[in-house]
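Report on the structure given below.
The values are calculated or read from the model by the stated rules, or taken from the named source; none is laboratory data. Please read these numbers as outputs of a predicted model, since none were measured by experiment. No Cβ is skipped: glycine too gets one built from the backbone with ideal geometry, and neighbour counts run over all protein chains shown.
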Amino acid sequence: MLNGRFWQGYMRRVFIPQLEALSAWVVGRLLPAFEPIDDEATAVAKQTYDDLLNEVTDPDMDISSLAEQARDAGLRYYQIADGVRQGLLNVAAVWLYHLFEQQLLAFLRKELLTPWEEDERALLKVGEFRKRLASHGMEVEGFTDWVKVDELRLLSNAIKHGDGGSVDKIKVLRPDLFSPPEMDGPRVPAHQVVLPLIGEDVFLTAESFKDYSSACIGFIEELSDRLASSCG
């Protein structure tokens, strides 16, 4: 018999606020830190130009080349900063999925496994969570948000490891995540996924991140309600 009433309260008091906080801080606190990068890049270009101009000793020198070097410096600054911004958003998806996974495994360990099983590392897997939950009449495939959560799992693996089976699968489901959103014309997914942690090849948006957060929260909410209902 599951201790459903306890877990309903615990999940709503602890697990869901954890997921909500992660999402809110990423979107509301971390990403806004990158909003000034346009102005910062302009300032870098101006400072570079001034520095180069101060080094000029030949009065006949064509200073237009200095302006080009300054523009290049500003552009490099912007590209690197924007790559860090995109990398942060990408890695936030990994963070989100693994927090969600750890919550499922905490429930597995403390409720679904027996006391003499909870330290068996081979059992601490989402597959075991699914199997044990099914033994209580709850198939995760029937949960409203399971498909979206499993999509997040594939995306997380793609971001961590680059090219591989997860990339192949998530590209079919979400090809839009593999081409820059500002690209003109038809968006063609990146052929290779090599450096998503510095903002290349995977282009998760803040809106998609919020959708994945909502799916994780929705799954935990549904799980908590089903556990409570199982108590009668």
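Brief remarks on what is shown
- Of all residues in region 136-151, those satisfying the criterion of being within 25 Å of GLU207 (Cα to Cα), touching a residue at least 12 places away in the same chain (Cβ under 8 Å) and not aliphatic (A, V, I, L, M) are PHE143, THR144, ASP145, TRP146, LYS148, GLU151.
- Qualifying residue in region 73-82 (condition: within 29 Å of VAL149 (Cβ to Cβ) and either among the small types (Gly, Ala, Ser) or at pLDDT 95 or above (or both)): yes
- Restricting attention to region 92-106, the residues being touching a Ser or Thr at 6+ places or on another chain (Cβ under 8 Å) and either surrounded by fewer than 20 Cβ atoms within 10 Å (Cβ to Cβ) or outside any helix (DSSP H, G or I) (or both) number 2.
- Residue within region 41-53 that is in contact (Cβ under 8 Å) with a residue 40 or more places away in the chain and surrounded by 15 or more Cβ atoms within 10 Å (Cβ to Cβ) present: yes
- Looking only at region 2-29, residues that are outside any helix (DSSP H, G or I) and either of a type outside the set (A, V, I, L, M, F, W, C) or free of Cβ contacts under 8 Å to residues at least 24 places away in the same chain (or both) come to 1 in all.
- Only residues that are free of Cβ contacts under 8 Å to residues at least 12 places away in the same chain and outside any loop (DSSP other than H, G, I, E, B) were counted across region 160-175, and they come to 4.
- Criterion (small (Gly, Ala, Ser) and touching a helix residue (DSSP H, G or I) at 6+ places or on another chain (Cβ under 9 Å)) met by exactly one of SER208, SER179: SER208
- Subset of region 45-59 [assigned to a helix (DSSP H, G or I) and in contact with a Leu (Cβ under 9 Å, 6 or more places away or on another chain)]: ALA45, THR48, TYR49, LEU52, LEU53
- Pair list, Cβ < 9 Å and 6+ apart or interchain, from region 105-127 residues that are basic (Lys, Arg) to residues that are outside any helix (DSSP H, G or I): ARG109/GLU117; ARG109/GLU118; ARG109/ASP119; ARG109/LEU124; LYS110/GLU118
Results for (1) within 25 Å of the chain's Cα centre (by Cα); (2) surrounded by 12 or more Cβ atoms within 10 Å (Cβ to Cβ), shown as yes or no for each residue.
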residue: GLU55; (1), (2): no, no
residue: GLN69; (1), (2): no, yes
residue: GLY74; (1), (2): no, yes
residue: TYR77; (1), (2): yes, yes
residue: VAL84; (1), (2): yes, yes
residue: ASN90; (1), (2): yes, yes
residue: LEU108; (1), (2): yes, yes
residue: GLY127; (1), (2): yes, no
residue: MET138; (1), (2): no, yes
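- Qualifying positions in region 30-40 - assigned to a helix (DSSP H, G or I) and free of Cβ contacts under 8 Å to residues at least 24 places away in the same chain: PRO32, ALA33, ASP39
- Checking the stated criteria, PRO36 turns out not to satisfy the condition of being surrounded by fewer than 14 Cβ atoms within 10 Å (Cβ to Cβ), under 27 Å from the mean Cα position of the chain (by Cα) and closer than 29 Å to LEU133 by Cβ.
- Single residue of region 182-232 satisfying the filter (modelled with pLDDT under 95, among the polar types (S, T, N, Q) and outside any helix (DSSP H, G or I)) that is surrounded by the fewest Cβ atoms within 10 Å (Cβ to Cβ): GLN192
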